[in-house]
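Let me begin by presenting the structure, written as C-alpha cells, before commenting on it.
The values are calculated or read from the model by the stated rules, or taken from the named source; none is laboratory data. Predicted, not measured: the structure shown is a model, and the values here were computed from it. For neighbour counting, all protein chains shown are included, and Cβ atoms are generated from backbone atoms with ideal geometry for every residue, glycine included.
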Amino acid sequence: MTEAQKKSLFDIVETDRIRFEEPMNKHTTFRIGGNAECFVCVQSIGEMADLNEFCRKEGIPFFLLGKGSNLLVSDRGIPGVVAYFGEEMSSISENDGMIVAEAGATLAAVANFALQKGLTGFEFAAGIPGSVGGALRMNAGAYGSDMSQVVEWVRVLEPDGKIKTLTKEEMQFGYRYSVLQEIDYIALAAGIGLVSGEPERIREAMLDLANRRREKQPLEYPSAGSTFKRPEGNFAGKLITEAGLSGQRIGDAVVSEKHNGFIINEGCATAEDVKRLIEIVRRKVYENSGILLEPEVIMVGD
Ligand SMILES: Cc1cc2nc3c(=O)[nH]c(=O)nc-3n(C[C@H](O)[C@H](O)[C@H](O)COP(=O)(O)OP(=O)(O)OC[C@H]3O[C@@H](n4cnc5c(N)ncnc54)[C@H](O)[C@@H]3O)c2cc1C
C-alpha cells in the first residue's frame with residue numbers, strides 16, 4: 001500500500017482502530033503468521049462497506065478475519081488490509097426463540113446466551129473457538145450438528161455494498177461449506193432458530209461436550225483444530241494413524257499424538273513447517289490408503 005492509501009484509511013476508520021505491520025501470530029489460534037500490512041477493527045456496517053469499496057477501487061488486497069481459528073497465515077504475512085469486526089458488531093439478542101447474533105460474536109458467547117434464555121440446539125458450538133461470521137462461512141459443526149441445522153437466515157454485505165438477507169437454502173450449506181466460499185459476501189448477522197429447553201440439561205450437555213473435547217483434543221497446544229476435512233466414509237485422524245504418522249514433525253509443527261487429526265504448534269513452528277508437514281501427511285496417507293486428504297485449514301497470505 002502507498003502512504004497516500006494508508007492515510008486515506010483514516011477517513012474511513014478512526015486512527016486508533018488501524019494498526020500497521022500487526023503480527024498475525026497474535027490473532028490466530030495456531031500462534032503462527034507474519035505481519036498484516038494494515039489491521040483494521042471495524043465497528044459498523046457502513047465502515048465495512050466503505051473499507052471494502054475503497055480496497056476494491058484501489059486494488060488493495062482485502063482479507064476478512066474472524067477469530068483466526070481456522071487459519072494458517074504465511075510467515076511473510078498478509079499484504080493489504082486485514083479487517084475484523086469489533087465489539088460494536090458482536091451483539092446477541094433474542095426474540096421468540098430466534099437468536100440474532102452479529103458476525104463478530106463468538107460461538108461460545110452465543111451458546112452461553114442460549115443457555116441463559118433456556119434455548120436448546122446450539123450446545124454443539126460452545127467449544128468451537130470461532131466467530132459467527134467464520135462459522136457461517138465454514139458451516140462449522142461438531143458432535144452431529146452444524147450451523148446449517150440452526151441458521152434460519154443470514155444478513156450479508158454484497159460486493160457492491162448492498163445489504164441482502166439470504167435464506168438458509170440460499171446459503172447452500174454443505175459439509176464445511178457455504179455459498180460464502182463462492183461469493184465475496186461478508187456475513188453481518190444470522191438468525192439462529194432454537195427451541196425451549198431445560199437450562200440444567202443444556203448446561204450439562206455443554207459441560208459433557210467440553211469434557212469430551214478436553215479428553216480427545218490437544219487443547220493445551222496452539223492449533224487450528226482439525227487440519228483436514230473428513231473424507232467421505234472415513235476419518236482423517238484414523239487414516240493418519242494407519243499411515244504411521246502419529247508424532248511426525250517438521251520443526252515445532254507436529255502431528256499430535258493425542259489426536260492425529262490435529263497438527264499442533266509445539267512452540268516456534270512456522271507456517272512453512274506446517275505446510276511441509278501437511279504435504280507429507282497428504283502424500284503418505286495417499287500412498288497408504290489411496291485417499292487424498294483435503295486441508296480444512298485455510299492458508300492466507302503471500
Ligand atoms: C481447538 C480448535 C477446535 C476446533 N473445533 C472445531 C469443530 O469442532 N468444528 C469446526 O467446524 N471447526 C472447528 N475448529 C475450526 C474453527 O474454529 C472453525 O472453522 C471456525 O468456524 C472458524 O471461525 P473464525 O471466526 O475463527 O474464522 P477465521 O478462522 O478467522 O476465518 C475462517 C474463514 O471465514 C471467513 N470469515 C470470517 N468472518 C467472516 C464473515 N463475517 N463473513 C464471511 N466470511 C468470514 C474468513 O475470511 C476465512 O475465510 C476448531 C479450531 C480449533 C483451534
- Message: Condition first: over 30 Å from Ser93 (Cα atoms) and not polar (S, T, N, Q). Can you find one or more residues in region 203-217 that meet it?
- Response: yes
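Test of understanding: among Leu166, Leu207, Leu219, which residue is surrounded by fewer than 21 Cβ atoms within 10 Å (Cβ to Cβ) and more than 10 Å from the ligand (Cβ to nearest atom)? Full working, then the answer.
Values: Leu166 fails: surrounded by fewer than 21 Cβ atoms within 10 Å (Cβ to Cβ); Leu219 fails: more than 10 Å from the ligand (Cβ to nearest atom).
Step by step, each of Leu166, Leu207, Leu219 is checked, and only Leu207 is surrounded by fewer than 21 Cβ atoms within 10 Å (Cβ to Cβ) and more than 10 Å from the ligand (Cβ to nearest atom).
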- Task: Search region 85-102 for residues being without any contact (Cβ under 8 Å) to a residue 40 or more places away in the chain and closer than 17 Å to Glu152 by Cβ, and hand back the single one that is nearest to the chain's Cα centre (by Cα).
- Result: Ile92
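Any idea which residue in region 128-143 is farthest from Phe63 (Cα to Cα), counting only those that are more than 6 Å from the ligand (Cβ to nearest atom) and not hydroxyl-bearing (Ser, Thr, Tyr)?
Here is the first cut: in region 128-143, the ones more than 6 Å from the ligand (Cβ to nearest atom) are 132, 136, 139, 143.
Now narrow it down to the ones that are not hydroxyl-bearing (Ser, Thr, Tyr): 132, 136, 139.
Details: Val132: 16, Leu136: 16, Asn139: 19 Å.
For region 128-143, the residue satisfying everything is Asn139.
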- Query: Within region 242-284, how many residues are in a helix (DSSP H, G or I), surrounded by fewer than 23 Cβ atoms within 10 Å (Cβ to Cβ) and in contact with an Asp or Glu (Cβ under 9 Å, 6 or more places away or on another chain)?
  - Reply: 3
- Tally, over region 89-99, of residues that are more than 13 Å from the ligand (Cβ to nearest atom) and either in the same structural domain as Glu22 (by TED's automatic domain parsing) or not acidic (Asp, Glu) (or both): 7
- Specify the residue that is surrounded by the fewest Cβ atoms within 10 Å (Cβ to Cβ); the eligible residues are those in region 222-235 that are within 21 Å of Glu266 (Cα to Cα) and of a type in the set (A, V, I, L, M, F, W, C). Phe228
- Please work out which one of (1) assigned by TED's automatic domain parsing to the domain that holds Thr29; (2) more than 19 Å from the chain's Cα centre (by Cα); (3) assigned to a strand (DSSP E or B) is the condition Val81 fails and give its number. (2)
- When region 147-183 is examined, which residues are found to be touching a residue at least 60 places away in the same chain (Cβ under 8 Å) and within 19 Å of the chain's Cα centre (by Cα)? Leu157, Arg176
- Message: Step by step: first the residues of region 118-127, then only those that are outside any strand (DSSP E or B) and crowded, with 18+ Cβ neighbours inside 10 Å, then the one that is farthest from the ligand (Cβ to nearest atom). Which residue is that?
- Response: Gly121
- Number of positions in region 70-93 that are more than 23 Å from Asp50 (Cβ to Cβ) and in contact with a helix residue (DSSP H, G or I) (Cβ under 7 Å, 6 or more places away or on another chain): 7
- Query: In region 285-300, which residues are of a type in the set (Gly, Ala, Ser) and surrounded by 14 or more Cβ atoms within 10 Å (Cβ to Cβ)?
  - Reply: Ser289
- Query: Here are some residues: Glu287, Glu257, Glu272, Glu266. Which one is modelled with pLDDT of 95 or more, outside the structural domain of Met138 (by TED's automatic domain parsing) and under 16 Å from Ser74 (Cα atoms)?
  - Reply: Glu272
- Item | Count of region 27-75 residues which are away from the ligand (no atom under 13 Å from the Cβ), over 23 Å from Ala4 (Cα atoms) and either in a strand (DSSP E or B) or charged (D, E, K, R) (or both) | 1
